[in-house]
Amino acid sequence: MTPDCTYWDTVPAAFLEDDRSNPARAAAAGIVRREVAAGAQTVTEIGPGTGIDFELLRPIPGLEYMGIDGSRGMVQRLVDKHGPYFIQGGFDDIPPSDIVYCRSVLEHQPDFRRPLQAMLEAASRLVLVSWYRPPAKTTEADYDVLAHVHYNTFAAADVATAIEQAGWTVTDHWTTAPDNLLQEIRPA
Ligand SMILES: C[S@@+](CC[C@H](N)C(=O)[O-])C[C@H]1O[C@@H](n2cnc3c(N)ncnc32)[C@H](O)[C@@H]1O
């Protein structure tokens, strides 16, 4: 079922351009590149937004990319700019993929559990989750400059437990400034 992402239809084309050089993006692309060298073929990105990470992933030789975003406006702009690599949809629409990649999307979901579970069910080798607001169990959701909600109310231990209970494990993680966490998650 396509999620309600009408808010995201309204963000400007230059959204997150100031985050383009965030080291978490290059780190994620580097991990995907190594995974493809080791035999992976398909990556699905959930919530590609304006396609900043698509531009890093697309040049990886041999990699088949698909992006799924809930926002009709985002998808239209992505297709117009890059071609038919993108469809409108949500976490439950992720096809079986060697790799699932998700940056700055989970913290916008009221609960992380079903979205995380859906990514772990769809992926066979690797799930890369990049948090702009890492799980921290604050008491309230907070709002960014665009007045959009970040649900920073997940406890890191609850996220770790959900991953373990699904039979996966966090094999590595990087904290990148400002306030970012990239998690490399693989079958246990
Ligand atoms: C903060 S932006 C991140 C964009 C991109 N990943 C990046 O880091 O540049 C969040 C994106 O996720 C999409 N999104 C939010 N919730 C979603 C959901 N439940 N299913 C699919 N896409 C979603 C939004 O439409 C938006 O494009």
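Couple of notes before you dig in:
- Per-residue HN-Hα couplings for the range 75-80 [Karplus 6.51, -1.76, 1.60; θ = phi - 60°; Hz; x = Gly/Pro]: 5, 4, 5, 5, 5, 4
- Residue-count net charge about I87 - beta-carbon cut-off 9 Å; Lys, Arg +1, Asp, Glu -1: -2
- If you take all other residues with their beta carbon under 10 Å from the beta carbon of R125, and give Lys and Arg +1 and Asp and Glu -1, the sum is -1.
- Sorted by Cβ neighbour density within 10 Å, fewest at the top, the residues T139, T2: T139, T2
- Helix-only [θ]222 nm of the chain, DSSP H runs n ≥ 4, -39500 (n - 2.57) each, per residue, nearest 500: -8500 deg cm²/dmol
- Of L63, G90, I46, farthest towards positive along the dipole that unit charges on Lys, Arg, Asp, Glu beta carbons give the range 27-108: L63
- The chain: antiparallel DSSP beta bridges as a percent of all, rounded to 5: 45 percent
- Check: the range 115-188 dipole with +1 on Lys, Arg Cβ and -1 on Asp, Glu Cβ, in debye: 180 debye
- Within-12-Å neighbourhood charge of R77 [Cβ basis; K, R +1; D, E -1]: -1
- The relative contact order of the chain comes to 19 percent, based on Cα pairs under 8 Å that sit 6 or more residues apart.
- Charge dipole (debye, nearest 20) of the range 21-97; +1 at Cβ of Lys and Arg, -1 at Cβ of Asp and Glu: 240 debye
- Rounded to the nearest 20, the size of the Cβ-charge dipole of the chain about its Cα centre is 400 debye, with Lys and Arg at +1 and Asp and Glu at -1.
Read the figures in this text as sums done on the coordinates, not as results from a lab. Keep in mind that what you see is a predicted model, and the values were worked out from it rather than measured. For neighbour counting, all protein chains shown are included, and Cβ atoms are generated from backbone atoms with ideal geometry for every residue, glycine included.
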